[in-house]
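Starting off with a structure, shown below.
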Amino acid sequence: MIIQDELHLISGPLGTIVGLYETVIDYLCSQKGRKPKIIASTATIRNAKEQVKNLYSRDVAQFPPPMIDIDDSYFIKSNKLNEKFGRKYLGIMASGKTQTTAEIRLMGKLLQSIKTIDCEDELKDLYWTLIGYFNSIRELGKCTTLVNDDIKDFMRRLSNRSGDELRYVYQADELTSRVSSNNILRTLDKLELTYKKDNRKNKIYVSDVVLATNMISVGVDVSRLNLMVIVGQPKLTAEYIQASSRVGRKDPGLVFTLYDSAKTRDRSHYESFKSYHDSFYYYVEPTSLTPFSEAAVDRAIHALIVTLMRHSFGYNSEENAGEFIEASECIKDIKRILLERVSNIDPDATEMVETKIDMFFDFWRKKIEGLEEGTELRYTLLGKTGQYSRLLKDFGKHEYEEAYETLRAMRNVDTETRVHL
């Protein structure tokens with residue numbers, strides 16, 4: 001059984017490469033005559049039938065199926081009596097003020113207000129930590145400076161004006177790709193700490209502000225988080241839903257979306273705020289992945305062939321690479337396995353894929369025939385240079401070596417393009 005969480009993320013370049021490698025994984029898992037069962041879950045997907053066909057070459061059976069009553073679809077149940085809240089969304093757009101000014105005043109007011117509310121520590125803890133969500137690291141970096149300077153100053157002014165005790169905010173924590181994995185784990189552990197009045201005496205420091213990019217959209221399930229500010233409308237509706245659903249998972253959540261009046265897209269979302277939020281699952285974008293497009297096949301079809309050769313047909317060790325010419329029956333089987341998958345997913349690409357497979361086999365054959373005396377062919381280079389020749393090389397490296405570039409990580413899927421002016 002294969003369990004895939006957050007299926008909607010397996011799309012675009014990532015999904016395209018995953019769809020290619022699934023060809024081999026599915027075959028290797030099915031060698032005893034029974035295919036593995038795949039269970040995939042997601043809360044934000046559109047055109048799931050097409051995505052699953054391109055990814056897994058399977059038909060979709062949705063569970064649970066759509067219900068009869070629109071107010072009870074198993075996943076969502078309308079609560080007309082308001083006995084229990086989910087999340088409340090508030091849209092804010094400051095006309096005549098810059099986005100930065102609105103950000104300072106909104107976040108400063110939220111942080112200081114929680115301090116001054118007269119309630120039990122258990123209730124105050126639910127809104128003590130403010131999550132800031134940003135669409136880019138550049139915007140997040142700017143807010144990090146604001147937290148340490150302007151937001152603290154604004155909170156001091158609010159405290160002086162009202163006579164209430166000032167809330168001391170420490171340095172903002174970050175959940176972004178520029179932070180080391182150790183610091184991310186430390187921040188996630190810190191989010192689990194609960195607020196109490198005597199925390200400072202006991203040297204327990206609960207997170208005051210956590211600034212995050214779309215890293216927070218997946219897998220952060222901390223039930224005490226219920227307050228979020230989203231700075232600018234995210235590009236995708238699925239991303240907006242996933243990010244905002246990090247709060248209000250157990251108790252009533254508050255999501256403030258701060259729109260920039262200078263951006264046309266933000267103004268449009270602000271003007272249609274209620275209608276958009278009443279049915280934002282309707283606006284989830286369809287995903288796209290094309291595992292047998294020509295560029296994807298160029299990038300990885302040879303890796304699938306070598307994987308099948310090594311893990312299914314017994315040519316596993318490095319020195320077996322040179323025995324390829326003897327494996328004529330294996331070549332026929334490998335072509336059949338790959339082309340069956342292509343004809344099921346994208347029949348129009350069958351001829352192109354077959355040509356690419358033949359090109360790689362021809363390259364492999366010529367590589368063996370052109371070996372100098374005393375040189376062995378390996379899948380990857382082992383030993384001293386000159387003693388061995390290799391079939392595969394790391395992607396983007398050893399430019400002048402005659403070997404197939406092979407992906408080592410998903411970071412290699414998108415490459416930089418040089419532009420000459």
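For the chain, what does the helix formula give at 222 nm: sum of -39500 (n - 2.57) over DSSP H segments with n ≥ 4, over the residue count, nearest 500 deg cm²/dmol? The partial results should precede the final answer.
Working: 13 runs with 164 residues, N = 421.
The per-residue figure over the chain is -12500 deg cm²/dmol.
Would you tell me the accessible area of residue 319, worked out with a 1.4 angstrom probe on the heavy atoms of the protein chains, in Å² to the nearest 10?
Its accessible surface works out to 100 Å², give or take rounding.
Give a residue-ordered list of calculated ³J(HN,Hα) values for region 197-209 (Karplus: 6.51 cos²θ - 1.76 cosθ + 1.60, θ = phi - 60°; whole Hz; x for Gly, Pro).
4, 8, 4, 5, 5, 8, 6, 10, 10, 6, 4, 8, 9
FRET efficiency for residue 221 and residue 397, Cβ-Cβ distance as r, R0 = 41 Å, nearest 0.05?
0.55
Something else: Over the chain, average the accessible area per residue using a 1.4 Å probe and give it in Å², no decimals.
Per residue, the chain has an accessible area of 58 Å².
Further, regarding this structure: Modelled label-to-label distance, residue 352 and residue 283, 7 Å Cα→beta-carbon offset: nm?
Going from the residue 352 label point to the residue 283 one covers 3.4 nm.
Take the Cβ-Cβ distance between residue 203 and residue 76 as r, set R0 to 41 Å, and report the resulting FRET efficiency rounded to the nearest 0.05.
That pair, residue 203 with residue 76, gives E of 0.45.
State the extension gain, in nm to one decimal, for the chain segment bounded by residue 325 and residue 177, taking 0.36 nm per residue of separation less the distance between their alpha-carbons.
On the way: separation 148, 0.36 × 148 = 53.28 nm, distance 4.61 nm.
Length gained, residue 325 through residue 177: 48.7 nm.
Note down the net charge around residue 162, summing +1 for each Lys or Arg and -1 for each Asp or Glu among other residues with Cβ under 15 Å from its Cβ.
After counting each charged neighbour, the total is +4.
Okay, moving on. List the GluC sites (Glu not before Pro) within region 118-158 that DSSP assigns to loop and that have no more than 12 neighbouring Cβ atoms inside 10 Å. Please report the intermediate quantities before stating the final value.
Details: sites: 120, 122, 139; in loops: 120.
For GluC sites (Glu not before Pro) across region 118-158 that sit outside H, G, I, E and B with at most 12 neighbouring Cβ atoms in 10 Å, the list reads 120.
Still on this structure: Taking Rh as the Kirkwood radius computed over C-alpha pairs, what is the Stokes-Einstein D of region 130-195 at 20 °C in a medium of viscosity 1.002 mPa s, expressed in µm² per second? Display every interim value, and only then the final one.
Working: Rh = 13.7 Å.
D = 157 µm²/s.
While we're on this one: Ignoring any ligand, DNA or RNA, what whole percent of the accessible area of the chain comes from carbon and sulfur when the probe is 1.4 angstrom? The partial results should precede the final answer.
Numbers: 12240 of 24370 Å².
The nonpolar share, carbon plus sulfur, comes to 50 percent.
Can you pull the one-decimal nm distance between simple spin-label points at residue 166 and residue 92, each 7 Å off the Cα toward Cβ?
2.1 nm
What residues have an amide H closer than 5 Å to that of residue 93, excluding those fewer than 5 places away on the same chain, when H is modeled at 1.01 Å from N in the peptide plane?
Amide H neighbours of residue 93, under 5 Å, 5+ apart: 259.
Per-residue HN-Hα couplings for region 23-28, Karplus 6.51 cos²θ - 1.76 cosθ + 1.60 at θ = phi - 60°, whole Hz, x for Gly and Pro?
My calculation for region 23-28 gives 4, 6, 4, 4, 5, 5 Hz in order.
When all C-alpha to C-alpha distances in region 168-213 are sorted into bins of 10 Å, what percent of pairs does each bin hold, rounded to whole numbers?
Spelled out bin by bin, region 168-213 gives 27, 52, 20, 2 percent.
When the chain is fully extended, how far beyond the present Cα-Cα distance does residue 344 get from residue 145, taking 0.36 nm per residue of separation?
Values: separation 199, 0.36 × 199 = 71.64 nm, distance 5.34 nm.
Using 0.36 nm per residue and subtracting the Cα-Cα distance, I get 66.3 nm.
Between residue 361 and residue 417, how high is the FRET efficiency from 1/(1 + (r/R0)^6) when r is the Cβ-Cβ distance and R₀ = 35 Å? Nearest 0.05.
Working: r = 31 Å, r/R0 = 0.88.
Calculated value: 0.70.
State, in angstrom, two size descriptors of region 1-157 derived from its alpha carbons: Rg to one decimal place and Dmax to the nearest whole number.
23.5, 72
What percent of all Cα-Cα pairs in the chain falls into each 20 Å bin, going from 0 up to the bin containing the maximum distance?
All Cα pairs considered, the percentages come to 21, 42, 28, 9, 0.
Is there a pair in 335/367; 152/196; 32/393; 35/332 whose C-alpha atoms are over 24 Å apart, and which pairs would that be?
On the way: 335/367 20 Å; 152/196 21 Å; 32/393 32 Å; 35/332 22 Å.
Over 24 Å apart, Cα to Cα: 32/393.
The values are calculated or read from the model by the stated rules, or taken from the named source; none is laboratory data. Only a predicted model underlies this, so the values are computations on that prediction, with no experimental measurement involved. All Cβ positions, glycine included, derive from the backbone under ideal geometry; neighbour counts span all protein chains shown. Heads up: the accessible areas ignore ligands, DNA and RNA and are worked out on the full protein's heavy atoms, side chains in. Shrake-Rupley method; radii C 1.70, N 1.55, O 1.52, S 1.80 Å.
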